[in-house]
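What follows is a single structure, written as structure tokens, with notes after it.
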Amino acid sequence: MSEDRGTETLREDPAEVAPNMNEDRTLRQNRFSVLISVLGIYFLAGILMIVGVMVSERFLSAANMLSVVGGVTILGLVAVGAAFVTYSGHFADLSIPTTMAFSGVMAVEALQFGIVAAIITGLLVGLVIGLINGFVIGKFRANPIVWTLAMAFVIRGLMRWIWSNRQIYPEVEGAATGAGQHFVNLYRYHLLGVIPMTVVVLAAFAIVLHFVMKQSSFGRQLQITGASFEAARLSGINVSRNVGLAFLICAMTAAVAGIFLTSLSRVGAYYMGEGYDFAAVTAVVIGGVTLAGGRGSIVGVIGGVLVIGLMRNVMTLMGIDTFAQTIVTGAVFILAVGIQSNSLRRLGRDDA
Amino acid sequence: MSADSSVQNDIGLALEMTNITKAFPGTIAVQDVTFRAYAGEVHAVIGENGAGKSTLMKILAGAFDDYEGQISINGRAVQLHSPAVAREYGIGMVYQELSLAGPLSIAENVLVGRLPGRKGLFVDRSALIERARSNLARVGLEIDPRIAVEEISQHEAQLVEIAKVLGRNPCILVLDEPTSALSKEEIDRLFDTISRLRKNGLAIIYISHHLPEIFRIADRVTVLRDGRRIDTCQTSQTTTEQLVKMMVGKAVEELFRQRDHEPGGEALRIEGFTRFGFFHDIDLHVRSGEILGLYGLSGAGRTELARSIMGIDPLDRGSLYFEGRAVVPRSMRQMVDEGLAYLTEDRKLSGLALRLSVRDNVVASTIPSLCRNGWYNGSAARRITQSLIERLHIYPPKDSVTVANLSGGNQQKTLLAKWLAVKPKILILDEPTRGVDINAKVLIHRTIEQMAQQGTAVVLVSSDLPEVCSLADRCAVIRMGHVIGEVSGSEITEERLLMLANGEGIEKEAGE
Amino acid sequence: GAREADTAVAEDNLERSLEVDISGLRSADGQTLLPELSSKEVPSRPDNPRSLPETDPMHWYDMEYLGWGVEEKINIPDSPADGAIGKRVIAIINGDHPYLTAYSTGMQKIADAYSMDLTVLSPNWDLAEQNQMLDEAINERPDMIILVPLDARVAIQQVRRVNRAGVPIILSNMLPEEEAMQYAIAWTGPDDWGQFREMARVWADELGRSGGVAYIRHAPGGSPYFARTYGPITELAEYAPDIETLDMQAPGFEAEATMQVVSDWLTRFGDRLTGIGLADDSAQAIGTIEALRRAGREDVLVIAAGNSKVGMDMVKDGDLLAITYQSAEADGAVALKTAVDWFNGLDVDPVLYIPKQVITQENVEDFMPAQW
Amino acid sequence: MRSQTDVVTFVNRYRILLLLALVFLFMALFAPRFLNMFNMTIIMKSASLNAMAAIGFTIVLICGHLDLSVSSTISLGAVLVIGFRPDLGWSGAIVAAVAAGGFVGLVNGLLVAKARIHSFIVTIGTLTIVQGIIYVYTGGAALNVTGALDFAVADFLEDPILLFFPPRVIITILVIVGFEVFFLRTKPGRNFYMVGGNRETAWLAGVKADAYVIWAFIISGCAAALSGALFAIGISSATTDLGVNSLMIIVAATIIGGASMNGGKGQVLYSGIAVLMLTVLFNGLNRFGVGSEFRILASGVILASVVLYEAYSNYKKERIRGQRPELLKELDPQQLKNVTSSLKTREL
Ligand SMILES: Nc1ncnc2c1ncn2[C@@H]1O[C@H](COP(=O)(O)OP(=O)(O)OP(=O)(O)O)[C@@H](O)[C@H]1O
Ligand SMILES: Nc1ncnc2c1ncn2[C@@H]1O[C@H](COP(=O)(O)OP(=O)(O)OP(=O)(O)O)[C@@H](O)[C@H]1O
Ligand SMILES: [Mg+2]
Ligand SMILES: [Mg+2]
């Protein structure tokens, strides 16, 4: 019988076995992976900037930079909200476009009661849709993609039925109160004459939502919910509430974006916002918010949005036609996400 | 006794594994193990949780392609780098954690990889059903093979798993804790099958925590501890005491606690607790500073009970008193706020968010209290985590490490840390040391005791007999969803508990 | 006996139909619903148009003068010549869009005037759906089918099918390929090429016949995708050869996307960019104007197609230099009126264009309020 | 002895068939000019496009992945078959088009199974890429063929030959049934389900999970391309965005047809029937002369109720999961009545 063997095993603490193993783990992770995991999408943004500078001397001009940002503010607004849905481990909200359109139309309808009423009404639409999505998905655990798709169908159908496929005009609806002009200007206000207000609003949303995600009680709990729904539930976290809130935030930002889009387009119509759902997912995911949930940040998402803007900008500057642009965009998307998730895996940060 | 004292003549040497080593990030699960099995023998492999039993056998089943050491089957050296290859060599293994495809029918799960064919390509439905039926019959499971696996209960699933492997007519059969979640009758039937197979000259490797089972069916037994083979001997020439000694090594002393304090007032009482079909009319109580053991064969319904107490699962009947005050468990959040904590039995699925850092996991249940008017206080979280890391010797001692990269033991410590962080009045632990290495185990035990010392009421759900016996002040035994006995103090012995758990000797029940 | 009675009824119906007076009808913008249709002189076809350079108007001959070349039509049923009143017509448009809503309104006005039974169906831009509707329409055997093709080339087979089934069909709004014309009684709609040529001249004059222009294109596929880009390009090539075409992009009908493309142009071409031509005067125009305003480049002259309310307002505000007047209601009305003429046994031209006008700040008031 | 003779399971099993019967009955009773041979042909024809494309989407879903690229693959098939017609002739063109679709699938499969990028991302990417390629190939305009022979072929495909089934429909049905049989009855077919049901199990049983995932995507690509191609031949032309509206319908139909986003569940036949059901619905609504908004609305309502129903039945299943019958037998009968129990779904 081997008593001594026994004691020897006891003396050898597995903690001592561990160090060398962990060291060669860290050795194995190459610098590139680390770089990616730290810089994330801003790595790609940097590359695009360099290309941009090489393509056009005017690239770095304030005007161009503003136009890059200005061209993706609405997308940005949608994305920072949609990020919460993905972050919570629920992929995407396909009802975003209809939410945008609906809030816009309702806002225009409400213009007769003044600009404030209009905006509130628009936001209320987001609130209601968000609550419905949140409740059904958070509480009943319905599949997010399919449910939001169903929502999209229903809302779009209703809108087109109610307004019988017509589009409505803020200037007309708001003529009485004169709110129409204000509404149209919502998108067009500039701070200090240069910085578009939309950009400021986006910045505000981004900052606030960033802290909500990283620093608020809700955000921290959402992270765990996203990373492992069951573990979160069995940690005493109110998972259905968190998931619900995530969809609510998404719908709310979509509503805001919808109001701005309507203000920009000077018409409220059911077809507003088409394509913003996938566009948002794209931005969110290349921004480093993994579909597995619980990882990523609003800072990253903003990066993703910027990259999309920069790509369009640089490619147009290079004179690449629309068709080639779509191809490049798709390829870059897959590549960017592929590299990111791959380096995460290398660093052992991800099982996905 | 020499390394392999029990070697018989080398004829019929079915399996020889020499100097096998397998490491996982953070742990060395199996270290330099040599193992032999002969045709026509039942060879038991025992050891503490986390000793490396499953890993060793998974290597044999070809589940890992990065093991070190040589394996030879029937004298031929082989490389078992994939399950397919292993099956070629007639190795069949019943895995500890079931591996069945929920949405598919029982029949297809039983015959996966070897569906009966008509004209080569096509599956022969009737043959499929018939074969499945006959395979299931061998383990005595009478059930329509067309039912989807996700519809059936765990013990049925367990039997399906066994039927699946037996159906492949392996010449080396590995059973990794096949009896967990099985009822007594089912176990008996299984053992008959096993002895029949042995007569047919199979080499059967049998992993179990239930020593009586070992003595009942095993010819030889190999003891693993902390990834190493301690010894192999004839069951006939050994005793429970010897085996236990080999299994736990020196740690035995450490396990015996010094009872130096008196339990305080009643902390938790449940009366007539019933969830139809899971557990019926459970009456229990635990006093602060007391450790109440909940023993039962796995599948007895302890986890269900615990979940209902915590408000995770619904409750059909019964009342719960928290410090004398009636409380209706509605949600886990509510019970946690009340001061209850529940360490779940499955750390990987329901315990930890593996992709997050140690810190994020440790504070998971504490977030609200870490927030000043809604905003999260990161430095406080870091402080708390650090202190717990030190207290539990979590390695590596960095709160930013991703939990997935920790060893099983350290993962389990992290899980425990999460619940220590909430400073609970009542701590329910479900299999707190499952699959953790010996040092972690000792440390966890010490911590549990400390908690008790400081007046926490502890409910210890465990299938690990030594653990229950050494830690519990009182121990209730649950069988088939009923409390069938309660023993306390010196009466708490492994034999007593096992007998109760297996439904024997209930007549001389020890209540209070 | 009975037959004479029938013919009697028919003749009576024909008389009443011919008497109906629709000159009083007006569209929402106060214009007469059915003005004198404008005609177009057709040059002779070059041997191989496609071989010519894209800047040569003749390169696009087959698209621009489509339908005129058709010598003999294929098994067109002869007109019953028993009057339009009470006839059943099914119109299948290509999708749901404010323009097409107005289009349907115009059509309905004619239908009411002749108390016809008109159904307008919309496949919502789905080709499979439109085919299904066509089959359904054939199945109902109406007196006439009016089709707004989703795509020029797909139209051939679509029209041929209806023709095979022996149901008379009139094409409208979207130009089909040449072959389609031989199966249809007629095509009616806007002269996209023509009106863009007219507008291009106005544009060129304002540009001082020099500078650089870029184009935001229509959605790929339909005839506007080419007409609204190469109409002006070819016209300018002759009328103002100094004007340089800088770039053309198709960001779709999306204000924000268009805005960014234009901004990018401004960065890329700077002052070389003096004019922008748009395929749509709402979303695209909004985006373009917004981009110009932000860059402080109000000097860039923008022209666009169509007369939506948004576009008209922008012409009024001087944001847009010019837009084409393309009366949606007239578009619909003409299609059905052509059917009426056919029912009434009159002979109809193979191609009928609704009048084209250029709307600028001067005359914009006459066209207010907009139809859509 | 336990068996599955039980109303609930029956309804769940044949849900889609019941739905179809219901919708059809309603339309037959109330929709004007609905119930006639010609209209049946119309329904069959317009169902074929998405029904065949749904095969691929379903099998990919069964393997636990998503293929959003079907819509542009449909367009690709259509555009290529017309584009290649002049050089390769119909048969050659079809082969080429389907091969191209298969290639798209292969790329998807490799990126998902080997590069281990999430299928949702991969296929959103290829969705746009393929669309772009189509635009570059066609220059944005639709393609068409106008030979008398081409028209003859088109007419042959589109006109009924037996009952109200035109060849294109018959081909679609054959392909669907073929795949249904393959997936339900053959060994490799079953392995697709096994891979989706539990990758681990499949792997332990020596089933090459990756290979099956890749094949699923290839099949998806081919099916989508083929359906697009046949449709294009039927109208002797192809638009660049033929498939755009298909994706959402296919997703909806597949889910209504009983496939699950978690994999392992679903049948290509049922997905096809779900498409048919939606088509009957749309056709009927057209007969009422209502606008396209009602088509969207109706499909939305159906999809929503199906999703809710599934969520609810899952919730109920979870409640009784792992119940021990031997324990339930303790309860007296009338007590058992108001218990959601697994006893009811089993006869002991
Ligand atoms: N996949 C894995 N990754 C990392 N560590 C692992 C893995 N599997 C097992 N381990 C570790 O290897 C050691 C041995 O695990 P193993 O499952 O073989 O123990 P065991 O003897 O089967 O325990 P039990 O009796 O609880 O089944 C444990 O420390 C465990 O945490
Ligand atoms: N004999 C059985 N018949 C039906 N279901 C069973 C049986 N044994 C266990 N189960 C189910 O398997 C699961 C495991 O049982 P549970 O975990 O509640 O008991 P336990 O004593 O905690 O077992 P463990 O020690 O594995 O945690 C439960 O869902 C239980 O309902
Ligand atoms: Mg084990
Ligand atoms: Mg348990």
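With respect to chain B, whose longest principal axis is taken over its alpha-carbon atoms, helix B:438-453 is tilted by about 30°.
List A:Val284, A:Val307 from most exposed to least, where exposure is judged by having the fewest other Cβ atoms within 10 Å.
Details: A:Val284 29, A:Val307 26.
Ascending Cβ contact count within 10 Å gives the list A:Val307, A:Val284.
Highest GNM mean-square fluctuation among A:Ser240, A:Ser341, A:Ser164, for chain A modelled with Cα contacts below 10 Å: A:Ser164.
For chain B, what is the mean residue ellipticity at 222 nm derived from helices alone (per DSSP H run of n ≥ 4: -39500 (n - 2.57); sum divided by total residues; nearest 500 deg cm²/dmol)?
Details: 18 runs with 166 residues, N = 512.
Taking each H run of at least 4 residues, the total per residue is -9000 deg cm²/dmol.
Give me the percent of Cα-Cα pairs in chain B that sit more than 43 Å apart, rounded to a whole number. Let's see the in-between values first.
Numbers: 24208 of 130816 pairs.
That tail contains 19 percent of the Cα-Cα pairs.
Between D:Leu22 and D:Ala148, the modelled label-to-label distance comes to 5.3 nm, taking each label 7 Å out from Cα in the direction of the beta carbon. Annotation: lysines with alpha-carbon distance below 25 angstrom to C:Lys40 (same-chain offsets under eight excluded): C:Lys73, C:Lys337, C:Lys356. Straight Cα distances below 17 angstrom link D:Lys208 to the aspartates and glutamates B:Asp65, B:Glu88, B:Glu108, D:Glu200, with same-chain residues fewer than 8 positions distant left out. Applying the criteria of a DSSP loop state and at most 12 other Cβ atoms within 10 Å to the GluC sites (Glu not before Pro) of segment B:132-221 yields B:Glu142. Around the Cα centre of the protein assembly as shown, unit charges on the Cβ atoms of Lys, Arg, Asp and Glu (plus for the first two, minus for the last two) sum to a dipole of about 4700 debye.
Multiplying each eigenvalue of the alpha-carbon gyration tensor of segment B:98-168 by 5 and taking the square root yields semi-axes of 19, 12, 10 Å, largest first, rounded to whole angstroms. Between A:Val172 and A:Val200, the FRET efficiency estimated from the beta carbon spacing at R0 = 35 angstrom works out to 0.75. The angle between the Cα long axis of helix D:268-287 and the longest principal axis of the Cα atoms of chain D comes to about 70 degrees, rounded to the nearest 10.
Taking every residue in C:272-284 and counting other chain Cβ atoms within 10 Å of its Cβ, the average works out to 1.
The overall shape of chain D, judged from the alpha-carbon gyration tensor, is oblate: a/c is not under 1.5, and a/b is no greater than b/c. Note on D:Phe288 and B:Gln334: their simple-model spin labels are 4.4 nm apart, each label 7 Å out from Cα toward Cβ.
For the pair B:Asp124 and A:Met54, label points projected 7 Å from Cα toward Cβ lie 6.6 nm apart. Placing +1 on each Lys and Arg Cβ and -1 on each Asp and Glu Cβ, with no other charges, gives segment B:98-168 a dipole about its Cα centre of roughly 460 debye.
Counting other beta carbons within 10 Å of each residue's own, what order do B:Phe191, B:Phe322 fall into, fewest first? Kindly include the intermediate steps, with their values, before the conclusion.
Values: B:Phe191 16, B:Phe322 19.
By the 10 Å Cβ count, ascending: B:Phe191, B:Phe322.
Volume of the convex hull of segment B:354-422 (Cα atoms only), normalised per residue: 70 Å³. For segment B:121-280, the convex hull drawn through the C-alpha positions has a volume of 200 cubic angstrom per residue.
Between amide H atoms placed 1.01 Å from N, distances below 5 Å from B:Ala44 occur with B:Tyr206, B:Asp219, B:Arg220, B:Val221, B:Thr222, all of them 5 or more places distant or on a separate chain. Segment C:184-320 gives an Rg/Rh value of 0.96, both radii derived from C-alpha positions and Rh following Kirkwood. 3J(HN,Hα) couplings calculated from phi for segment B:283-293 with the Karplus curve 6.51 cos²θ - 1.76 cosθ + 1.60 (θ = phi - 60°) are, in sequence order, 10, 8, 8, 9, 9, 5, x, 10, 10, 9, x Hz; Gly and Pro show x.
Please list, in order, the residues from segment C:84-124 whose amide nitrogen is less than 17 Å from a point placed 7 Å along the Cα→Cβ vector of C:Val9. Counting only backbone N, you get C:84-88, C:116-117. From the residues D:Leu143, D:Ala115, D:Gly228, which one has its Cα farthest along the dipole of segment D:2-289 in the positive direction, the dipole being from +1 and -1 charges on Cβ of Lys/Arg and Asp/Glu about the Cα centre? Ranked along the dipole, the leading option is D:Ala115.
Loop-located GluC sites (Glu not before Pro) in segment C:224-309 (DSSP state other than H, G, I, E, B) with a sparse environment of at most 14 neighbouring Cβ atoms within 10 Å: C:Glu298. Its Cα centre serving as origin, chain C has a Cβ charge dipole (Lys and Arg +1, Asp and Glu -1) of approximately 520 debye.
Can you give the longest run of chain B that contains no trypsin sites (Lys or Arg not before Pro) sitting in a DSSP loop with at most 12 other Cβ atoms inside 10 Å? Please list the in-between numbers first.
Values: sites that count: B:Lys119, B:Arg259, B:Arg330, B:Lys508.
Formally, the longest exposed-site-free interval is B:331-507.
Less than 23 Å apart at the alpha-carbon level, and either on another chain or at least 8 residues along: which lysines does that give for B:Lys22? Partners found: B:Lys53, B:Lys58, B:Lys348, B:Lys413, B:Lys441.
Using the Cβ-Cβ distance between C:Glu298 and D:Glu200 with R0 set to 60 Å, the FRET efficiency from 1/(1 + (r/R0)^6) comes to roughly 0.35. Which residues in segment D:116-141 have a backbone N closer than 14 Å to a point placed 7 Å from the Cα of D:Phe103 along the Cα-to-Cβ line? Within reach of a label on D:Phe103: D:130-131, D:133-134, D:137.
Taking 0.36 nm per intervening residue step and subtracting the Cα-Cα distance, what contour gain separates C:Glu238 from C:Arg209 on full extension? Walk me through the numbers before you get to the answer.
Numbers: separation 29, 0.36 × 29 = 10.44 nm, distance 1.09 nm.
Additional length available on full extension: 9.4 nm.
Globularity index of chain C is 1.03 (Cα radius of gyration / 2.2 N^0.38 Å, N = number of residues).
Connecting C-alpha atoms closer than 10 Å in a GNM of chain D, tell me which of D:Ser227, D:Ser46, D:Ser71 has the biggest fluctuation. In this elastic network of chain D, the residue with the biggest mean-square fluctuation among D:Ser227, D:Ser46, D:Ser71 is D:Ser46.
Taking the alpha-carbon centroid of each part, what is the distance from segment A:180-205 to segment B:409-485 in angstrom? Comparing the Cα centres of segment A:180-205 and segment B:409-485, I get a distance of 59 Å.
Looking at segment B:296-363, which GluC sites (Glu not before Pro) are DSSP coil and have at most 16 other C-beta atoms within 10 Å of their C-beta?
Numbers: sites: B:Glu304, B:Glu323, B:Glu338, B:Glu345; in loops: B:Glu323, B:Glu345.
Qualifying residues, ordered by number: B:Glu323.
Please give the Cα centre distance for segment C:254-275 versus segment A:67-90, rounded to the nearest Å. Using only Cα atoms, the two centres lie 24 Å from each other.
Divide, for the protein assembly as shown, the radius of gyration over alpha carbons by 2.2 N^0.38 Å, where N is the residue count. Display every interim value, and only then the final one.
Details: Rg = 37.4 Å, N = 1584, 2.2 N^0.38 = 36.2 Å.
Dividing the Cα Rg of the protein assembly as shown by 2.2 N^0.38 Å gives 1.03.
Based on the Stokes-Einstein relation at 25 °C and a viscosity of 0.890 mPa s, and on the Kirkwood radius from alpha carbon pairs, segment A:71-300 is assigned a translational diffusion coefficient of 140 µm²/s. If you wrap the Cα atoms of segment A:139-264 in a convex hull and average its projected area over all directions, you get 10.7 nm².
What angle, in degrees between 0 and 90 and rounded to the nearest 10, separates the Cα long axis of helix A:197-215 from the longest principal axis of the Cα atoms of chain A? Value to nearest ten degrees: 30.
Note on segment B:69-85 and segment D:51-65: Cα centroid distance 39 Å, given to the nearest whole angstrom.
DSSP assigns beta bridges within the protein assembly as shown; of those with both partners inside it, close to 45 percent run antiparallel.
Taken together, the values in this text are just the output of simple stated rules run on the coordinates, not laboratory data. This is a predicted model, so every value here is computed, not measured. Because the Cβ atoms are built from the backbone with ideal geometry, glycine has one as well, and the counts that use them run over all protein chains shown.
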